[in-house]
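Below: the structure, in structure tokens.
The values are calculated or read from the model by the stated rules, or taken from the named source; none is laboratory data. All of these numbers come straight from a predicted model, not from anything done at the bench. All Cβ positions, glycine included, derive from the backbone under ideal geometry; neighbour counts span all protein chains shown. We work out accessible area using only protein heavy atoms, side chains counted, and drop any ligands, DNA or RNA first. Shrake-Rupley method; radii C 1.70, N 1.55, O 1.52, S 1.80 Å.
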Amino acid sequence: MTVTPQAKNITLRDLIDRFGLHLVRDEQFFREWQDDLPTVTETEQRSLDRVVDGFLNLLNYPPLLEGVVRMAVLDPLLFLGGFYLPPFHIRSEPSVEIVAEDEGVKITGNIDALVLNNQLWVLVVESKRASFSVEEGLPQILSYMLANPNPEKPCFGLITTGGSFMFVKLVRESQPSYATSKLFGIRNPGDLAVVFSILKRLGQLNVY
């Protein structure tokens, strides 16, 4: 299976037509984002509260510059979860530009990708305006996951805009199949703690 995840204009339709990619809506397919989640400690919760406060403060001073999302939200989550320490290793993929039109104005953004231990992908959808949702990153993260070097194992992903979060699971068997978690929002009380707990759980699955 050959995938070119750097393609800028890849769509879900492309992946469906080329690889037979199938969306699974049975909630039993992707239990990993709901079951056996690690407890968030009081110290971790205080740090997560600071992340929320920092992100909401940034929104008071638009435009939200590209790159700030990763610095303000994702990097603290990865650091707090121990993903910069052994046995994890992180590598970065080239950014992909995304473009949209809004009332005749061209709006550009970037999708930045990180991969942890070859089985856990993290995509950040960034733009100076809140025009792009996590859905913009779904075809991209699935194309990366289809190209993972360990097709016999399920792989997982997280897409975030900083304000929204969605997890993805892909299984490559006779027919590549994927499912998504519910959408989490940083403004929703408690959601960032759940996101952090799921991220740690997926990290555990990719180590043991």
Review point. So residue 112 fits all but one of (1) surrounded by 17 or more Cβ atoms within 10 Å (Cβ to Cβ); (2) touching a Gly at 6+ places or on another chain (Cβ under 9 Å); (3) modelled with pLDDT of 70 or more; what number is the exception?
Key: (3)
Review point. Could you list, in sequence order, the residues of segment 179-190 that are open to solvent by 20 Å² or more (accessible area, probe 1.4 Å) and over 13 Å from the mean Cα position of the chain (by Cα)?
Key: 187, 188, 189, 190
Review point. Going by the structure shown, is residue 67 touching a residue at least 40 places away in the same chain (Cβ under 8 Å) and in contact with a helix residue (DSSP H, G or I) (Cβ under 6 Å, 6 or more places away or on another chain)?
Key: no
Point to revise | Index of the failed condition, residue 149 passing every other in (1) farther than 22 Å from residue 13 by Cα; (2) in contact with a helix residue (DSSP H, G or I) (Cβ under 6 Å, 6 or more places away or on another chain) | key: (2)
Review point. Hey, residue 158 hits all of (1) over 17 Å from residue 79 (Cα atoms); (2) touching a strand residue (DSSP E or B) at 6+ places or on another chain (Cβ under 9 Å); (3) at pLDDT below 95 but one; which does it fall short on?
Key: (1)
Practice item. Find all pairs meeting these conditions: Cβ atoms under 8 angstrom apart; at least six residues apart or on different chains; first residue within segment 187-206 and over 12 Å from residue 116 (Cα atoms); second residue among the β-branched types (Val, Ile, Thr) and part of a loop (DSSP other than H, G, I, E, B). Key: 192/186; 193/40; 196/40; 197/39; 197/40
Check your understanding: Any idea which of (1) within 14 Å of the chain's Cα centre (by Cα); (2) of a type outside the set (A, V, I, L, M, F, W, C); (3) at pLDDT below 85 is the one residue 117 doesn't satisfy?
Key -> (1)
